[in-house]
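Presented below is the structure to which this report refers.
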Amino acid sequence: MKYKFLVLFGSMLVGSVMTSFSFAADAEERLASFMNQYQDDYKRMYCDVSYTWWDAMITGSEEAFKKSSEATLAMSNYHADAAKYAELKKLRAAAVNASPIEKRAAYVAERSFEQSQISPELNKQLIELSSEIEQIFQTQRAVYNGTEYTNNELLAMLEKETDSQKRYEIWDALKQVGDIVAPKVIELAKLRNKAAQELGYNNYWEMTVSFQEFQFDELLRIFQDLDCLTTPLFNKMKAKLDGELKEKFGVERIMPWHYDNPFFQQAPPSATVDVNEFYQGIEKEDIVDISVNYFKKLGFDVTPIVANSDLFEKEGKSQHGFCNDMNLEGDVRILCNIKPDVEWMDTQLHELGHAIYDYNLDRTLPCNIRSAAHIFTTEGIAMTFGAKARDPQWLVENRGVSPERAQEVNSALQEQRLREQLIFCRWTLVMTFFEKALYENPDQDLNKLWGEMTARYQGLDPLEGRNKADWASKPHFVIAPVYYHNYMLGELYGAQLRKSLEKQAKGDPVKFGELLKENVFMPGNSLPWEEFVEKSTGEPLSVEAFVDELQTADSQIQ
């Protein structure tokens, strides 16, 4: 009996193995068939979302926002299909012999399905509430002295105003939208947490970080390292900056409205050199021409991108700047609100940095991985190009600044660049840790927490007696949730990439462009970000190259 049992078991095992091999062989074909249909569906839905969203961004109309919300909901509902999700999981696990590209596309698709496995009613609430708040941000105009102003207009006024009380009033106007949207943003945070908990996560922050392929502890360690390593440089820089501002405004105490940027996320203009001197006498259209000619020198023709873009202010249009690949086939566009100044030169170069990334992706890649390797890699490219607007050598080559004048202001511009990097670094610490805390407990006193964090990481004096939702006036909490850390990671990646590519290009701009296209753009999202970073820069992502740049700049400033 025992012998007979073993023989029968052996026969069953052989049959099982043979069936397994057959299923595995079939699984590759079935996965390919599933993914082919998925890619067709994905591209169709992606285009619907992109084009309706674009219309909403350039018109601000209620009808456009409604169509955008409907398209977004349709794509989300598609990925909410539990049967499709279960089938893909099964096929992906079985298709062990699929190609690396097929495996990557299937993995990314599976994660998209996983994110959408929440109740349809909750999903509908999330999309509609987010769209409602986004429309408020886009159409709301601040009132100052009884008159409505755009953000651009208020920022220009703040830059020129020397009276501290008036500066406060302008700064306060820029924050007005915060109190209007704060209750809705808190409601949205709770809904997002509910969705995350349906998927087995503690809160929305943890879920989103996970879907961005980060490990919680590793991400937090990077930001703790940044805090530790940049604190001495930041404190030294800020002490000097505050001294300059006290003298400029004739005050004993520097307050947030003395820094020009309402969130102190950018450095005030240099007391030694006004970079806008290099942009005097030009028209807003010239900013476009300068950017087009610059990218041409690197081997990138951006005229098709510019032709489809929306670059200047108009009523109802979003007041911010962004880039979008509309159809994954080359219709890449940017939205800007260009003024003839250094800030919009920076923004134009920044958004075109995103655009050349999208435009030069390998179009043979599956649609759902025909994107940047990671959010922070495209941000790294964009920020690298945006910084050129203030670079002495770039100004010589692209604005006709004389080498002698460039040499005169070199140290001042280096110092300003250092200030920009340090100030932005500390600002991302505020955003990262505040947003984590927001989702951990949306019911806490967020106004107070915001004040504590801006004091802790930015060295801002607490605003005694102020109990306003200044934090909620930052639209990223709605339109790009749990995103801000990627800007800083982009700075880290950009520093590593500059170190690597500049060594290889040896000063040849065309070679630099070719290396970017080959090593960074073409691979798309075909690799996990850790592998991509190491392959494109030669080392894992760390704070080392970024901090080295800061320390080198600090040592060279006169």
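The values are calculated or read from the model by the stated rules, or taken from the named source; none is laboratory data. Fair warning: this is a prediction, and the values are worked out from it, not measured in the lab. Cβ atoms come from the backbone with ideal geometry, glycine included; neighbour counts cover every protein chain shown. Only protein heavy atoms, including side chains, enter the accessible area calculation; ligands, DNA and RNA are left aside. Shrake-Rupley method; radii C 1.70, N 1.55, O 1.52, S 1.80 Å.
From the list T231, T272, which one is of a type in the set (S, T, Y) and open to solvent by 70 Å² or more (accessible area, probe 1.4 Å)? Spell out how you get there, then give the answer.
Values: T231 fails: open to solvent by 70 Å² or more (accessible area, probe 1.4 Å).
The unique qualifying residue is T272.
Just checking, which of A472, A455 is closer than 26 Å to I180 by Cα, in a helix (DSSP H, G or I), of a type in the set (A, V, I, L, M) and open to solvent by 20 Å² or more (accessible area, probe 1.4 Å)?
On inspection, the qualifying residue turns out to be A455.
All but one of (1) at positive phi; (2) surrounded by fewer than 22 Cβ atoms within 10 Å (Cβ to Cβ) hold for L527, so report the exception by its number.
Here L527 clears every test but (1).
Tally time: how many residues in region 301-336 are modelled with pLDDT of 95 or more, assigned to a loop (DSSP other than H, G, I, E, B) and open to solvent by less than 10 Å² (accessible area, probe 1.4 Å)?
4
Please go through (1) modelled with pLDDT of 95 or more; (2) surrounded by fewer than 14 Cβ atoms within 10 Å (Cβ to Cβ); (3) part of a helix (DSSP H, G or I) for L191 and return the number of the only condition it doesn't satisfy.
The failed condition is (2).
Looking at region 280-295, which of the residues that are under 23 Å from the mean Cα position of the chain (by Cα) and within 19 Å of E313 (Cα to Cα) is surrounded by the most Cβ atoms within 10 Å (Cβ to Cβ)?
Taking the candidates together, the pick is S291.
Pairs under 9 Å by beta carbon, first residue under 21 Å from K190 (Cβ atoms) and of a type in the set (G, A, S) in region 203-217, partner open to solvent by 20 Å² or more (accessible area, probe 1.4 Å) and in a helix (DSSP H, G or I), six or more apart or different chains?
Close Cβ pairs satisfying both conditions: S210/F216.
Give region 383-431 a look and list any residue that's in contact with a Phe, Trp or Tyr (Cβ under 6 Å, 6 or more places away or on another chain) and open to solvent by less than 10 Å² (accessible area, probe 1.4 Å), or say none.
The first filter runs over region 383-431 and keeps only residues in contact with a Phe, Trp or Tyr (Cβ under 6 Å, 6 or more places away or on another chain), leaving 388, 395, 398-399, 401, 422, 426, 428-431.
Matches in region 383-431: L395, L422, R426, T428, L429, V430, M431.
What is the number of the single condition among (1) crowded, with 16+ Cβ neighbours inside 10 Å; (2) more than 22 Å from L550 (Cα to Cα) that D445 does not meet?
(1)
This table checks each residue for (1) assigned to a helix (DSSP H, G or I); (2) over 19 Å from the mean Cα position of the chain (by Cα); (3) free of Cβ contacts under 8 Å to residues at least 40 places away in the same chain; (4) farther than 21 Å from D358 by Cβ.
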site: V482; (1), (2), (3), (4): no, no, no, yes
site: Y493; (1), (2), (3), (4): yes, no, no, no
site: S500; (1), (2), (3), (4): yes, yes, yes, yes
site: L515; (1), (2), (3), (4): yes, yes, yes, no
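Can you tell me which of V430, V478 is more than 27 Å from L541 (Cα to Cα), touching a helix residue (DSSP H, G or I) at 6+ places or on another chain (Cβ under 7 Å) and part of a helix (DSSP H, G or I)?
Numbers: V430 fails: more than 27 Å from L541 (Cα to Cα).
The conditions single out V478.
Anything in region 355-369 that is open to solvent by 20 Å² or more (accessible area, probe 1.4 Å) and touching a residue at least 12 places away in the same chain (Cβ under 8 Å)? List them, or say none. Steps first, answer last, please.
Applying the first criterion (open to solvent by 20 Å² or more (accessible area, probe 1.4 Å)) to region 355-369 yields 358-360, 362-364, 366.
Correct list: D358, Y359, N360, D362, R363, P366.
Applying the selection to region 98-157, what residues are of a type in the set (A, V, I, L, M, F, W, C) and open to solvent by 30 Å² or more (accessible area, probe 1.4 Å)? Step through it out loud before you land on a result.
Of all residues in region 98-157, those of a type in the set (A, V, I, L, M, F, W, C) come to 98, 101, 105-106, 108-109, 113, 118, 122, 126-127, 129, 133, 136-137, 142-143, 154-157.
Once the filter is applied, which keeps residues that are of a type in the set (A, V, I, L, M, F, W, C) and open to solvent by 30 Å² or more (accessible area, probe 1.4 Å), region 98-157 yields I101, I136, V143, L155, A156, M157.
Pairs only if they're at least six apart or on different chains, beta carbon under 8 angstrom, first in region 544-558 and touching a residue at least 24 places away in the same chain (Cβ under 8 Å) and outside any helix (DSSP H, G or I), second among the acidic types (D, E) and surrounded by 14 or more Cβ atoms within 10 Å (Cβ to Cβ); list them, first residue then second.
Correct list of pairs: I557/E415.
From (1) among the acidic types (D, E); (2) open to solvent by 20 Å² or more (accessible area, probe 1.4 Å); (3) part of a helix (DSSP H, G or I); (4) within 22 Å of L129 (Cβ to Cβ), pick out the condition that doesn't hold for E435.
So E435 meets the others, but not (2).
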